[in-house]
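S.K.: Encoded as structure tokens, here's the structure I'll be asking about.
Since every read-out is calculated from the coordinates, none of them should be taken as a lab result. Computed from a prediction, not measured in an experiment: that's the story for all the values here. For neighbour counting, all protein chains shown are included, and Cβ atoms are generated from backbone atoms with ideal geometry for every residue, glycine included.
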Amino acid sequence: MMKKQTKKGLLVSSLLMSTVASAEYGLNLPKGVSDYSVQVYDMHMMVLWICVIIGIGVFGAMFYSIFAHRKSKGVEPAKFSHSTTVEIIWTAIPVLILIAIALPATKGMMQMDSPRDEQGEPVTMEMTVKVTGYQWKWRYDYLDEGFGFLSTLTADSNIARQKGSGIDVNTVDNYLLDVDNPLVIPANTNIRFLLTSDDVIHSWWVNEFGWKRDAIPGFINEGWTNVKEPGTYRGQCAELCGKDHGYMPIVVEVLSQSDYAAWVADQNGDSVVNQTATDEVESAQASGSDDALNNVQQNTATEDTETMAEISTDETEAGTSDQQADQGVADNQVDQAESDWSMDKLMARGEEVYNTQCLACHKIDGSGMPPAFPSLIDSPVTTDDVNKHIDIVVHGVTGTAMAPFGKMLPAEDIAAVITYTRNSFGHETGDRVQPADIEAVLQ
Amino acid sequence: MSHDITHDELSHDHDHKPKGFVNRWLLTTNHKDIGTLYLIFALTMFIIGGTMAMVIRLELFQPGLQFVEPFFFNQMTTMHALFMIFGAVMPAFVGLANWMVPMMIGAPDMALPRLNNFSFWLLPFAFVVLASTFFMPGGAPAGGWTMYPPLVLQGGQNVAFLVFAVHLMGISSILGAINIIATIVNMRAPNVGYLNMPMFVWTWLITAFLLILVMPVLAGAVTMLLTDRYFGTSFFNAAGGGDPVMFQHIFWFFGHPEVYIMILPSFGIVSEIIPTFARKRLFGYVSMVYATAAIAFLSFIVWAHHMFSVGMPLGGQLYFMYATMLIAVPTGVKVFNWLATMWRGAMTFETPMLFSIAFVALFSVGGFSGVMMALAPVDLQYHDTYFIVAHFHYVLVPGSIFAIIAAAYYWLPKWTGHMYDERLGKIHFWWSAISVNVLFFPQHFLGLAGMPRRIPDYSTQFAEFNMWSSIGGFAFGLAQIFFVYIVIKTVRGGQKATAQVWDDAQGLEWTVPSPAPHHTFDEYKPVDLSKMAHGDTH
């Protein structure tokens, strides 16, 4: 199979920029799925062809010269060594070509910066998504709707990608390009993205949208799109952001406007479960845990980063109620009972959380990659004082890649994963950390 | 000391070489010996940096992680760049300048010989400091050679070592540049005017000014990193009122001239070689000088084209786009001039000429992708992908490195007194020229199709071209080991070279015997201007 592909690859390379082949083999920029991305694609093709034509001229002259003006042909070298006329010509012509290229490029840049419709009227943005980069996951907040969630590489890619996993990555669907919770947006809607970061610089890039923008701590960058076709579009973080830079994919699911409205209603919990959520619940149940919890709801807008702690609390509460819904509990009366999690439940959830959030650095067996990523096995952190352990997971360790997970994960997840690490890898502390313990620290 | 340097009977016994290894090499103030040291050092760093590249291509040979952990992979990409840029390409050019600039302008030595020794010996220490980070807790720097905060500040103890190593390299470069400027300005033979100087000397003069202007900027940037990391300042820390994007502006104010520092001397080299083997004067000598100066000037006002994605105001993006596009004009003039030099010449294709022609062709490929990414809206697609990786490797490998290799073949007979093996040289050329394209051309496709740079593993759709690229990489790496063999063979023996070496070579270096005696041009007297390698200046 490999051999066959190789032959095809060669054939395709010889066709160079054939647009027909590009869709299948990924030779060229995609045309993309918005008017803007098509504009970028056209500009790319224009400058590419200009380069090809100039290249044919330059290389043609060069090869002719190599062929004709060689000593072995007995030619006498000419004596000329300058000509003001041709020098002016080959300075002026490139200037004219560059001006011709600069015009559409200027238009394109203005369209990215302050979009206008065909009538030249400013385009109004119909919704806003805040994108926050973390090492190494994305968070999407729907500012108009008031909820948000984390988006992380799926567990099957995450396990397969480990060195020596023994898993053939060709058997993993969308290897490294799949996430647990994709960003969901409506089609044919002007969507503004506000990009920022909570740690280092990341860059949010979906090739099909025709642009990327850096997510920079302390800054809010803007981008926008209007996707014409519903579908699933994939991208990756484009700015080196540390060890797992290659493992924070972006998946955008574009739904029709009605499907999107149903999805939003479901996120807010005031309608019957729609297809997406049903799938999530099913898959969560199938894997013996509740993935849907990651679809944390949140009731406040997150424009102000200073409210982070507060938001985390909201997430926690929302997460708890989600948990109840998932278990088919109709109302909030059993809230108190639910807050006491059994060891089995904590361990099952903890393993799930560990494998998506912690495994990348601390490895599947807890051995880590010392000294940068410490081993958890027999570590004082995982075996001694539990309060110190909670503190580290919730607040992170400054100056290292250990992130403050209190801002990112619901209290249940943090409690579960702490319990898991204290009772795995040969540890038998028997400690059960409850969500309430975490909430106490968060407040 | 006043013997006739063109005297054929000048023997090694009379040329005042210091006795003993320490005196000859460690304490040397001789421009040729220091040039040799620089070149050996650069070749060593090239092999080490190349080995890191092999690790990178090995891991990327197929999807999935097979050989190294992601964190080590990032150390490899970071250190590969630092070793190649500061260890291989820049010292190789300084080595060539040391050897050739005094001989090309009829000077007895560099203007500041002891400084010359110092600026070389800083380098091995700088790289020992840098390489020592591999053995530290937390490993080597892994935040990319661009050292963007806040990421680079996560790098444990290596931050201090990285910063001090960069300081040492910067001091070395600045001192070297001062020396080259002082030599060219003050030490030319009495009748050699600026417009009599060979292009290699001109390009180095301009490069040296770039170095002096930008290396202190880099030193400032990394010093701010140091204080941010260890002394609680917040230059680049948003939480403390700082600005992480400011680092990028400062870095690229250094970084963009830096890329011309790595290419202008190459322009000089091929401007020496192509006329020799075309048996014709360099076309448009004066416009070459102006074009070089124009490129150098433009290099200072285009830095933020590396940063279109950070979110600059529209006006800023448009300005940097237009200024960047302008660079195509003087660069185009250079390429056209080389073509016109070849045009209606009587060319032969010895190894230096082959590498020079490949330089012109493949540097142009890198130039084309450069024009493409000058367009800000499209650059938002190309940025930080393998398209960029392909672009800058096209201008650096078949660009700078090919020019350095061409220079080595061209001047090896002058340095060693032996001709290299032409058959092996041609094998080395074809092997390198084909494999370098297999290595880097597919990376254009990878980038356009959506593969970001600096990732240790990739989605299976990118497998095909990565495999090709890796195969090309291994072949190219082996070819350079072969080059080392050819060089060693030439140093040890081979057909005796004449003083002229190449039939129609112009330049004062060909008026002294091969190998060049320890001291050349040690009398202050006019030289024969008809031997100078400049073009027609009328």
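S.K.: Note down, for segment B:337-489, the three equivalent ellipsoid semi-axes (square root of 5 times each alpha carbon gyration tensor eigenvalue), biggest first, whole angstrom.
M.R.: The equivalent ellipsoid of segment B:337-489 has semi-axes of 32, 19, 11 Å.
S.K.: Which three numbers, in whole Å and largest first, are the semi-axes of the equivalent ellipsoid of segment A:174-217 derived from its Cα gyration tensor as √(5λ)?
M.R.: That gives 19, 16, 11 Å for the three semi-axes.
S.K.: On to the next question. Normalised by the empirical 2.2 N^0.38 Å for globular proteins, what value does the Cα Rg of segment A:343-442 take?
M.R.: Dividing the Cα radius of gyration by 2.2 N^0.38 Å gives 0.95.
S.K.: Separate question: Which percent of the Cα-Cα distances in the protein assembly as shown go past 57 Å?
M.R.: Summing the P(r) of the protein assembly as shown above 57 Å gives 17 percent of all pairs.
S.K.: Using a simple spin-label model with points 7 Å from Cα along the Cα→Cβ vector, what separation in nm is obtained for B:Leu424 and A:Val86?
M.R.: Once both label points are built, they end up 3.9 nm from each other.
S.K.: What is the sum of charges, Lys and Arg at +1 and Asp and Glu at -1, for the other residues whose Cβ falls under 14 Å from the Cβ of A:Lys137?
M.R.: -4
S.K.: Counting every Cα pair in segment A:33-80, what percent are over 15 Å apart?
M.R.: Within segment A:33-80, distances greater than 15 Å cover 65 percent of Cα pairs.
S.K.: Only counting other Cβ atoms within 10 Å, I'd like B:His256, A:His202 sorted with the fewest neighbours first.
M.R.: Sorted ascending by nearby Cβ count, the order is B:His256, A:His202.
S.K.: For segment B:206-252, which chymotrypsin sites (Phe, Trp or Tyr not before Pro) are both in a DSSP coil and crowded by at most 11 other Cβ atoms within 10 Å?
M.R.: Filter output for segment B:206-252: B:Phe231.
S.K.: Ok, one more. With N set to the residue count of segment B:309-373, report its C-alpha Rg divided by 2.2 N^0.38 Å to two decimal places.
M.R.: 1.54
S.K.: Sticking with this structure for a sec: Provide A:Asp259, A:Asp168, B:Asp384 in ascending order of the number of other Cβ atoms located within 10 Å of each residue's Cβ, fewest first.
M.R.: Final ranking by Cβ density, sparse to dense: A:Asp168, A:Asp259, B:Asp384.
S.K.: Additional query: Measure nothing fancy, just the Cα-based angle from helix B:314-326's long axis to the longest principal axis of chain B, in degrees from 0 to 90, nearest 10.
M.R.: 30 degrees
S.K.: Angle check, please: helix B:90-105 long axis (alpha carbons) against the longest principal axis of chain B (alpha carbons), in degrees 0 to 90, nearest 10.
M.R.: The helix B:90-105 is inclined about 20 degrees to chain B.
S.K.: If amide hydrogens are placed 1.01 Å from N in the peptide plane, which non-local residues have theirs closer than 5 Å to the one on A:Ser197?
M.R.: A:Gly133, A:Ile216, A:Gly218, A:Phe219
S.K.: Give me the angle, in degrees from 0 to 90, between the Cα long axis of helix B:199-230 and the longest principal axis of the Cα atoms of chain B, rounded to the nearest 10.
M.R.: 30 degrees
S.K.: If you look at just the Cα atoms of segment B:240-391, how large are its Rg and its Dmax in Å?
M.R.: 17.6, 66
S.K.: Turning to a different aspect of this structure: How big is the antiparallel share of DSSP beta bridges in segment A:127-264, given as a percent to the nearest 5?
M.R.: Given both bridge residues lie in segment A:127-264, the antiparallel proportion sits at roughly 70 percent.
S.K.: Same structure again: Please compute one quarter of the surface area of the Cα convex hull for segment B:211-275 and express it in square nanometres.
M.R.: 5.0 nm²
S.K.: Given Cα positions, please report Rg to Rh for chain B, the hydrodynamic radius being the Kirkwood one.
M.R.: Rg/Rh for chain B comes to 0.96.
S.K.: Still on this model: Could you give the dipole magnitude of the protein assembly as shown about its Cα centre, charging the beta-carbon of Lys and Arg +1 and that of Asp and Glu -1, in debye to the nearest 20?
M.R.: With only Lys, Arg, Asp and Glu charged at Cβ, the dipole is about 6680 debye.
S.K.: Please give the Cα centre distance for segment B:297-344 versus segment B:87-111, rounded to the nearest Å.
M.R.: 28 Å
S.K.: Report, in cubic angstrom per residue, the convex hull volume of the C-alpha atoms of segment A:127-264.
M.R.: Once divided by residue count, the hull of segment A:127-264 is 101 Å³.
S.K.: Mind checking A:243-253 for the average number of partner chain beta-carbons within 10 Å of each residue's beta-carbon?
M.R.: Across the residues of A:243-253, the mean count of other-chain Cβ atoms within 10 Å is 4.
S.K.: Quick one: Debye curve from the C-alpha atoms of segment A:378-429, no solvent, what's log10 I(q)/I(0) at q = 0.16, 0.24, 0.30, 0.31 Å⁻¹?
M.R.: With no solvent term, the Cα-only Debye profile gives -0.44, -0.93, -1.20, -1.23.
S.K.: Take every DSSP beta bridge whose two residues both sit in the protein assembly as shown, then give the antiparallel share in percent to the nearest 5.
M.R.: 75 percent
S.K.: Go ahead and run the numbers for FRET between A:Met110 and A:Asp35, Cβ-Cβ distance against an R0 of 22 Å, rounding to 0.05.
M.R.: It comes to 0.95.
S.K.: Still on this structure: For segment B:409-468, count the residues as N, evaluate 2.2 N^0.38 Å, and divide the Cα radius of gyration by that value, please.
M.R.: So the Cα radius of gyration is 1.74 times the expected 2.2 N^0.38 Å.
S.K.: So what's the projected area for segment B:411-511, the Cα convex hull averaged over all directions, in nm²?
M.R.: 8.7 nm²
S.K.: Count charges around A:Gly231 for me, please; just the other residues with Cβ under 15 Å from its Cβ, Lys/Arg as +1, Asp/Glu as -1.
M.R.: Here the charged neighbours net out to -2.
S.K.: Next question, about the same structure. Within 10 Å of each residue's Cβ, count the other Cβ atoms and sort A:Cys241, A:Cys358, A:Cys51 from fewest upward.
M.R.: Listed from fewest to most nearby Cβ atoms, that is A:Cys51, A:Cys358, A:Cys241.
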